[in-house]
Amino acid sequence: MSVQETVAAARTVFTSGTTKPLAWRLGQLKAMNQMLLDHGDDFTAALAADLGKHPAEAWLTELGFLTADIAHTVKHLEGWLRPRRATVPLALQPARATTVLDPLGVVLVIAPWNYPIQLLLAPIIGALAAGNTVVGKPSEMAPACSAALARWVPEYLDGAVSIVEGGVPETTELLEERLDHIFYTGNGRVGRIVMAAAAKNLTPVTLELGGKSPVYIDETVDMVAAARRIAWGKFMNAGQTCVAPDYVLGTDAALARLAKELPEAINDLYGPDPSHSLAYGRMINDGAFARIAGLLASDLDDDAGSALVSGGHTDAATRYIEPTVLHVDAEAQLMVDEIFGPVLPLVTVGSAAEAIAYINGRDKPLSLYVFSDDAGVRKDFTEQTSSGALNFGVPVAHLSVPELPFGGVGESGMGRYHGQHSIDTFSHHKAVLDKPLSPDTLSLIYPPFGSVKKQIIKRFVAPARKFRKD
Ligand code: NAD
């Protein structure tokens, strides 16, 4: 089927009304769950082939994540879809006001390669639950996962979800179609292409983008535990996680203590030689390997002012980059763009205030992580910074709290999803007002406006209010 035929077929299913009943939506979610259970091994093998992902990590961060999201959605969907009552102002009563959630139509989901199963199917869970049909475009950079999705999704979700495989040409064709929502996860450069294409049809977009997610750490915390948490969040999936800690800010003293503990934490996670650990992933392709190896080499150059703490070994043949920690200064190459690999720079600042100023001087992060037991420091980060998420004491894990919205702000994206937030994203919030024709209380405001009506309007219907100065 051509791209045009695929989108047209998705629209035919949507306009038939099939997707509206709650039972259909629950049926699709359960079918997706069944697919994940029946073909968990196929998806796990594909994740190992594309990214060297360990089966336990594949379950934790992809398949199990999805089954948990499905279970949460199945449990709450009926309640989420109930019309939401709104208060009617006195002047309009008697009347009944509600917000009704309408499905949007055909949703396009474009996914990246780093969590290729999760990031295609998690938005689809929300889109189906909200009563839409979906065209999914997996990333061509994770070919085994793309093939597995194209093989199994149509078998379990026939009519509800179609998969279009391919790269830029196919995505470009999809973006030329008239769609009702585009949900894109990936980098900001393509995000701009997606938004420009969407503008032609006034199609709403959700952009789940990336960028540098900072960590701030001070000496008030248990450094051994903090190092383990940071190493876990950073080196999972070989650093190719949109919410991975990108770099660490701290005072000289705090970073010296952290630098002492991180090698130990890495050793605990992956053993003395991570290249032998099945739990440690590989770079997605030669280009990604070359980019990270190049950044490392340039910052470890004698004149660059950087100092290696641990790691640094690379192997082009297996696209292996050792978990690496190094001290750099704020002008280092590693500090320009999102690293998206297993290299963790430590950057010295004089204080928490300086760290906040550093973060606020750059693009708004997707996530910000603070390790401090100082209530004042926590308060300052909460009140003085803006990021998609702010976590204390743990990186990455906010994704698995289904009631928390997941999304960026500014350069890290727009819109949000997960759980009920997905339903809100993939629905039109329709205002419904129902006022009986009798008694006709509105006759009080119909023209002609005599002096009595003028008084009524000014005093009761739309009264001018004064606020006291505090
Ligand atoms: P990618 O290269 O797989 O691209 C993502 C999608 O965009 C793919 O489906 C691809 O086919 C499509 N695409 C690429 N070029 C295109 C073009 N010119 N026109 C139309 N479509 C095009 O993935 P990526 O962008 O390298 O992913 C990594 C980035 O994604 C990082 O910045 C990361 O932080 C971010 N990310 C964000 C999230 C999030 O949830 N916010 C999650 C994962 C990754």
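The values are calculated or read from the model by the stated rules, or taken from the named source; none is laboratory data. Note that the structure is a prediction, hence the values are computed from the model and not measured. Don't worry about glycine lacking a Cβ; one is built from the backbone with ideal geometry, like all the others, and counts go over all protein chains shown. Ligands, DNA and RNA are stripped out before the accessible areas are found, and what is left, the full protein with its side chains, is counted by its heavy atoms. Shrake-Rupley method; radii C 1.70, N 1.55, O 1.52, S 1.80 Å.
Here the range 213-402 is treated with +1 on each Lys and Arg Cβ and -1 on each Asp and Glu Cβ, and its dipole about the Cα centre works out to around 660 debye. In the chain, Rg over Rh equals 1.05, where Rg is the alpha-carbon radius of gyration and Rh the Kirkwood radius from pairwise Cα distances. For the range 271-321, what does the alpha-carbon gyration tensor say about shape, rounded, prolate or oblate, given a ≥ b ≥ c as the root eigenvalues, a/c under 1.5 as rounded, and a/b over b/c as prolate? Since a/c reaches 1.5 but b/c is at least a/b, the shape of the range 271-321 is classed as oblate.
Computed over the chain, relative contact order equals 18 percent, with contacts defined as Cα pairs under 8 Å that lie 6+ residues apart. Computed over every Cα-Cα pair of the range 213-402 and binned at 5 Å starting from 0, the pair-distance distribution P(r) comes out as 1, 8, 18, 22, 22, 16, 8, 4, 1, 0 percent. Under the criterion of Cα pairs below 8 Å and six or more residues apart, the relative contact order for the range 1-116 equals 26 percent. Computed from Cα positions, the angle between helix 252-270 and the longest principal axis of the chain comes to roughly 90 degrees. Each listed q (0.13, 0.18, 0.21 Å⁻¹) maps to a log10 I(q)/I(0) for the range 337-470 from the Debye sum over equal C-alpha point scatterers, namely -0.77, -1.09, -1.32. For the set 217, 445, solvent exposure ranked by accessible area (probe 1.4 Å, protein chains only) runs largest to smallest as 445, 217. Tell me the carbon and sulfur percent of the accessible area for the chain, rounded to whole percent, probe radius 1.4 Å. Using a 1.4 Å probe with all protein chains present, the chain comes out at 56 percent carbon and sulfur. Within the straight-line cut-off of under 14 Å between alpha carbons, the aspartates and glutamates reachable from residue 430 are 102, sequence neighbours fewer than 8 places apart in one chain being disregarded. Relative to the longest principal axis of the Cα atoms of the chain, the long axis of helix 40-51 makes an angle of roughly 60 degrees.
Pairwise Cα separations in the range 181-309 fall into 10 Å bins from 0 onward with the following percentages, short to long: 11, 30, 33, 17, 8, 1. A simple charge model with +1 on the Cβ of Lys and Arg, -1 on the Cβ of Asp and Glu and nothing else charged puts the dipole of the chain at about 3460 debye relative to its Cα centre. Within the straight-line cut-off of under 24 Å between alpha carbons, the lysines reachable from residue 454 are 435, 466, sequence neighbours fewer than 8 places apart in one chain being disregarded. Relative contact order of the range 213-402, taken over Cα pairs closer than 8 Å and 6 or more residues apart, is 29 percent.
Cross-link reach is defined here as a Cα-Cα straight distance under 24 Å, omitting same-chain residues fewer than 8 places apart; for residue 234 the lysines meeting it are 53, 212, 260, 364. For the chain, the longest principal axis of the C-alpha atoms and the axis of helix 118-129 are separated by about 10°. Accessible area per residue for the range 213-402 is 40 Å², calculated with a 1.4 Å probe on protein heavy atoms, without ligands, DNA or RNA.
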